[in-house]
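Asker: Please find one structure pasted underneath; my questions will follow.
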Amino acid sequence: MPWSTVAELIAHDERSLLPKSEFDDALWILLQDKIFSIEDASSFPRPVILYFASRYVQWDVGNGGFAQAAFNVPEWFELALEWYRLMGKASSASLLEEAIRLLPEEKAELDGKGLRDGTIAEVFEHFDQSRMSALDKRIVSEDWEVDEERVEYVRKNRDAFRGIN
């Protein structure tokens, strides 16, 4: 990758717009080297964290559904919800609100069954049976799969990203 910092990527994109998917992937890779946990959220400007959370949750749900995302990245749901609301994505915001309401029950079930230490087969069986999995069927792609809009959001908020070295 030709950019070693977020600031370099932002400066390059400002001079010569990159294709959205290339820009998004490069930004994601660079931010993954900076943001390791939800506790890091307070160290970054809000637009950076909203970008990160929304992409993290969207892609984890896309990889294995809401049950998998609830297992892997539940701490990022609230911030992803904030981003989807900000972008006017009512359908996706509604799904995240419901997922957040289901999180305590999901956590209790995972802990009660000992699935955090279970086999991969047991975990995936749980994902299929989880109440969270019902949310997957209600995803409206054009309201959920919003990579291009997220890139536009970053470009409108470049100053928030520019200072990340």
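Asker: Could you tell me whether any residue of the range 61-77 is farther than 15 Å from residue 160 by Cα and not in a helix (DSSP H, G or I)? Break it down into steps so the answer makes sense when it comes.
Answerer: Residues of the range 61-77 that are farther than 15 Å from residue 160 by Cα, as a first pass: 61-77.
Adding the requirement that they be not in a helix (DSSP H, G or I) leaves 73.
Yes, the conditions are met somewhere in the range 61-77.
Asker: Which residues, counting only those in the range 35-54, are crowded, with 22+ Cβ neighbours inside 10 Å and of a type outside the set (Val, Ile, Thr)?
Answerer: From the range 35-54, those crowded, with 22+ Cβ neighbours inside 10 Å are 48-54; that's our starting set.
Hits for the range 35-54 are 50, 51, 52, 53, 54.
Asker: Given the conditions (1) buried (at least 17 other Cβ atoms within 10 Å of the Cβ); (2) at pLDDT 95 or above, which single one is not true for residue 91?
Answerer: Status for residue 91: all satisfied but (1).
Quick grid of which residues meet (1) without any contact (Cβ under 8 Å) to a residue 12 or more places away in the chain; (2) among the acidic types (Asp, Glu):
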| residue | (1), (2) |
| --- | --- |
| 42 | yes, no |
| 54 | no, no |
| 94 | yes, no |
| 98 | no, yes |
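Asker: Out of the range 131-165, which residues are within 22 Å of residue 107 (Cα to Cα), out of contact with any Asp or Glu (no Cβ under 7 Å at 6 or more places or on another chain) and not in a loop (DSSP other than H, G, I, E, B)?
Answerer: Within the range 131-165, 133, 134, 136 qualify.
Asker: Only one of (1) assigned to a helix (DSSP H, G or I); (2) at pLDDT 95 or above; (3) under 20 Å from residue 150 (Cα atoms) fails for residue 98. Which number is that?
Answerer: (3)
Asker: How many residues does the range 123-137 hold that are of a type in the set (D, E, K, R), surrounded by 13 or more Cβ atoms within 10 Å (Cβ to Cβ) and either under 29 Å from residue 23 (Cα atoms) or without any contact (Cβ under 8 Å) to a residue 24 or more places away in the chain (or both)? Spell out how you get there, then give the answer.
Answerer: The first filter runs over the range 123-137 and keeps only residues of a type in the set (D, E, K, R), leaving 125, 128, 131, 136-137.
Imposing the further condition that a residue be surrounded by 13 or more Cβ atoms within 10 Å (Cβ to Cβ) reduces the set to 125, 131, 136.
Cutting the leftovers down to either under 29 Å from residue 23 (Cα atoms) or without any contact (Cβ under 8 Å) to a residue 24 or more places away in the chain (or both) gives us 125, 136.
The total comes to 2.
Asker: How many residues does the range 12-27 hold that are in contact (Cβ under 8 Å) with a residue 12 or more places away in the chain and surrounded by 15 or more Cβ atoms within 10 Å (Cβ to Cβ)?
Answerer: Qualifying residue count for the region: 6.
Asker: Would you please name the residue that is farthest from residue 72 (Cα to Cα), looking only at residues in the range 28-40 that are hydrophobic (A, V, I, L, M, F, W, C) and touching a residue at least 12 places away in the same chain (Cβ under 8 Å)? Working first, answer last.
Answerer: First, pick out the residues of the range 28-40 that are hydrophobic (A, V, I, L, M, F, W, C): 28-31, 35-36, 38.
Of the ones still in play, those that are also touching a residue at least 12 places away in the same chain (Cβ under 8 Å) are 28-31, 35, 38.
Values: 28: 17, 29: 18, 30: 20, 31: 18, 35: 15, 38: 12 Å.
That would be 30.
Let's see how each residue does on (1) of a type in the set (S, T, N, Q); (2) modelled with pLDDT of 90 or more; (3) in contact with a helix residue (DSSP H, G or I) (Cβ under 8 Å, 6 or more places away or on another chain):
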| position | (1), (2), (3) |
| --- | --- |
| 45 | no, yes, yes |
| 56 | no, yes, yes |
| 69 | no, yes, yes |
| 102 | no, yes, yes |
| 107 | no, no, yes |
| 125 | no, no, no |
| 129 | yes, no, no |
| 136 | no, yes, yes |
| 141 | yes, yes, no |
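Asker: Could I ask something else about it? Considering the range 85-112 alone, what residues qualify as being closer than 14 Å to residue 143 by Cβ and either touching a Pro at 6+ places or on another chain (Cβ under 9 Å) or hydrophobic (A, V, I, L, M, F, W, C) (or both)?
Answerer: The answer is 86, 87, 90, 93, 95, 96.
The values are calculated or read from the model by the stated rules, or taken from the named source; none is laboratory data. Here the structure is a predicted model, which means the values were calculated and not measured. FYI the Cβ positions are ideal-geometry reconstructions off the backbone, even for glycines, and counts take in every protein chain you see.
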